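What follows is a set of notes on a single structure, which appears directly below.
The values are calculated or read from the model by the stated rules, or taken from the named source; none is laboratory data. Predicted, not measured: the structure shown is a model, and the values here were computed from it. For neighbour counting, all protein chains shown are included, and Cβ atoms are generated from backbone atoms with ideal geometry for every residue, glycine included. Note: accessible area is taken over every heavy atom of the protein model, side chains too, but ligands, DNA and RNA are not part of it. Shrake-Rupley method; radii C 1.70, N 1.55, O 1.52, S 1.80 Å.
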Amino acid sequence: MQTLYDKLWDQHLVHTESNAPDSMALLYIDRHLVHEVTSPQAFESLKLAGRKPWRVNSILAVADHNVPTSGRDFGINDPVSRLQVDTLDKNCDELGITEFKMRDVRQGIVHVIGPEQGATLPGMTVVCGDSHTSTHGAFACLAFGIGTSEVEHVLATQCLLTSKSKTMRIAVEGKLGLGVTAKDIALAIIGRIGTAGGTGYAIEFTGDAIRSLSMEGRMTLCNMAIEAGARAGMIAVDDTTIEYIKGRPFAPQGGLWEQAVAYWRTLHSDTDAVFDKTVSLEAAGIRPQVTWGTSPEMVTTIDGCVPDPAGVTDQGKRQNIEQALKYMGLQPNTPIQSIALDKIFIGSCTNSRIEDLRAAAKVIKGRRVASTIKLALVVPGSGLVKQQAEQEGLDKIFTAAGFEWREPGCSMCLAMNDDRLSKGERCASTSNRNFEGRQGPGGRTHLVSPVMAAAAAVAGHFVDVNELDAPRMP
Amino acid sequence: MKHWSVPHSKYLIMDKFQIVTGIVVPLDRANVDTDAIIPKQFLKSIKRTGFGQNLFDEWRYLDHGEPGMDASQRQLNPDFVLNQPRYQSARILLARDNFGCGSSREHAPWALQDYGFKVIIAPSFADIFFNNCFKIGLLPIVLNGNILDQLFREVNETEGYTLTVDLQEQVLTTPAGERVEFSVDTFRKHCLLNGLDDIGLTLQHADKIREFEQKRRKQQPWLFV
Ligand code: SF4
């Protein structure tokens, strides 16, 4: 009786020297996603060693981290960023790799475009030189981030040299409350098990609260598995999965579709499968989450307060909290709802899909961004998400409220392009990391869901989206 | 590990990991993430080298660093542990839980190595970072919290404190002669000791990979269109 992880592992196992639990094994890779930041050195060494990619059509490339989100027609200003993007273009052209270039409408964040194109399919092993590759596990894939040496290894051999993880099941049962989203589930889990809680594990999310999530929500959740320390997060295939994939450009068609679906339906843990660890959460108990510190585990609910390190006995933990509060410029016991913001960022591979934008727009509609907010940004996850949103008129809702509506990319999630926080600025962000300096040197990040970011934009401070009483214009 | 253990000059790529004796520097902070190890503005480089001067950039310097700046002209943060005179030319980094969490950037181990580190010791590491270290010949060692507390104490108390790390024997030795054993995966140890290129080793299995691929093509043809 197998877990989903075991099934995926066995399906891809090419070679192993021993059956010892932690022994290294060669795992076949079906899909290799590539972006500009972690690939140039891999392509260079590959070339120096006189090697070629093993299977070019397994690779899909896109530039996302460095691309500007405005004024694209003028190209990339920063010469160093430009060189990195040009290098990717050149490598892909030379080797015949499919790449969505900056002006292609299909361009976007690598973890948004893979599923959007149907390039991520159930049962695949998916790798990318990017830790948030865990996102693709939403499709019952074994998907994880790898380093640049491993990017080169997969290019050259179509295999990854790795060892088996332990398995963890996180069951979320019941029904989510109003205004509570997949992002809140993810943050609540991380708050519970910690950022190292999943280290060494592959997590499978189960339970009716998970099954009732859309694919977008499932991607948000699996995306954050890495923030819980797990290399991979995954969710079993069901009708929602299959519905989402149907008709996408890279998805199988006709007879192959039927054949694929029959196989995909087997991609779930057997009922009596045994996990190394199980964690259970009640969906009804999850409140909208807001992080207050410099690690995603430093999180509380919208009704909560910033913690007081004085009450913490463990010296290491106390120091961590003190350091975080100093960096974040927060006083102990401050109610979360009284924290005022400077900037709002709706975007990133966690929360920039159409459903995220629809949810945020619903909160924003007919309202105005508070006058104290210096900048409120919406950065769609891909050109196609942007197009779809514009067809639905969401861009108008955002811009009428005072948001800026940008071109797709990673943007202020990590501030490698021009979108960033200045020193001391405080941001409600739908991204995944609140590390020191992540959104710009000295910038202060609070992670929230898209609806909570939208509500904060209107109120100027954090507020429970269900209690936002700002009037709407007709 | 019979198939993987054929040392052949063709597969030698990294420097062989020799016994390391070096100054130890204590970084007493949990959850040190890869953004802290090497901030993103330096990831724009398309090279593998030169990251050492920007290791821990935001903690190490008082001014904000950008690529292309001359590090010798920048103002060091005297409070940051790496800048203290007693820890200059350190080769071994002592760290706390969940070291290297965050992004998969190999630039983080590159920066540590480029700075001069050969060994990182912590009670736990993030998975991807841990993996990446081995790939470039940097040795991450997991030690339990109590021993680590002891090492932190000793380093703080003793100027010029060094450790000797013997990978072959899997043991570290303190200045007082105390021996602490550590574990390491057999295959990874073998690669480090011999400086082996695992791509070359994997390609020894090329036939097996091809065979696997053909079988897969038959069973799941939609993956190959
Ligand atoms: S959006 Fe952020 S987390 Fe996602 S791939 Fe881009 S930089 Fe990484």
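Quick notes
- Using the average count of surrounding beta-carbon atoms within 10 Å as a protection proxy, the listed peptides B:168-175, A:416-423 rank, highest first, as A:416-423, B:168-175.
- Amide H contacts under 5 Å for residue B:171, placed H, 5+ residues apart: B:166, B:182
- Computed from Cα atoms, the angle from the helix A:254-264 axis to the main principal axis of chain A rounds to 70 degrees.
- Interface area, A with B, accessible, probe 1.4 Å, both sides summed, Å² nearest 100: 5900
- About the centre of its Cα atoms, the protein assembly as shown shows a dipole size close to 920 debye [charges on the beta carbon of Lys, Arg (+1) and Asp, Glu (-1) only; nearest 20 debye].
- The residues of the range B:41-141 expose, per residue, 34 Å² of accessible area to a 1.4 Å probe.
- Average Cα contact separation per residue, the range A:1-121, under 8 Å, 6 or more apart, as relative contact order %: 25
- In a simple Cβ point-charge model (Lys, Arg +1; Asp, Glu -1; nothing else charged), the range A:281-399 has a dipole of about 440 debye relative to its Cα centre.
- Averaged over peptide A:300-309, the number of partner chain Cβ atoms lying within 10 Å of each residue's Cβ comes to 0.
- Put simply, the amide H of residue A:124, placed in the peptide plane, has neighbours under 5 Å in A:142, leaving out anything fewer than 5 places away on its chain.
- Nearest-ten-degree value, helix A:354-364 long axis tilted from longest Cα axis of chain A: 0
- Cβ charges +1 (Lys, Arg) and -1 (Asp, Glu), total dipole of chain B, debye: 1160
- Three-way shape label, the range A:325-474, alpha-carbon gyration tensor, a/c 1.5: oblate
- Less than 5 angstrom separates the built amide H of residue A:229 from those of A:198, all sequence-distant by 5 or more or on a different chain.
- Chain A - percent relative contact order, Cα under 8 Å, separation 6 or more: 17
- Equivalent ellipsoid semi-axes, the range A:199-294, via Cα gyration tensor eigenvalues times 5, rooted, Å: 28, 17, 14
- Across A:7/B:189; A:47/B:218; B:16/B:118; A:90/B:47; A:175/A:317, pairs whose alpha-carbon gap is larger than 22 Å: A:7/B:189; A:47/B:218; A:175/A:317
- Averaging the sequence gap over all C-alpha pairs within less than 8 Å and six or more residues apart, then dividing by the number of residues, gives the range A:146-252 a relative contact order of 28 percent.
- By accessible area, using a 1.4 Å probe on protein heavy atoms only, the protein assembly as shown has 49% of its surface on carbon and sulfur.
- Remark: spin-label model distance residue A:469-residue A:104 equals 5.1 nm, labels positioned 7 Å along the Cα→Cβ axis.
- The range A:233-265 and the range B:125-178: distance between their alpha carbon centers, rounded to Å: 48
- According to the Kirkwood relation over distinct C-alpha pairs, the hydrodynamic radius of the range B:141-211 is 14.8 Å.
- Straight-distance candidates among the lysines for linking to residue A:386, with alpha-carbon spacing under 17 Å and chain neighbours fewer than 8 residues away dropped: A:101, A:362, A:396.
- Efficiency of FRET between residue B:225 and residue A:19 - r from beta-carbon atoms, R0 35 angstrom, step 0.05: 0.55
- Tilt relative to chain A, helix A:315-328 - C-alpha long axis, 0 to 90 degrees, to 10: 70
- Each Lys or Arg adds one and each Asp or Glu takes one away; over the other residues whose Cβ falls under 9 Å from the Cβ of residue A:72, this sums to -1.
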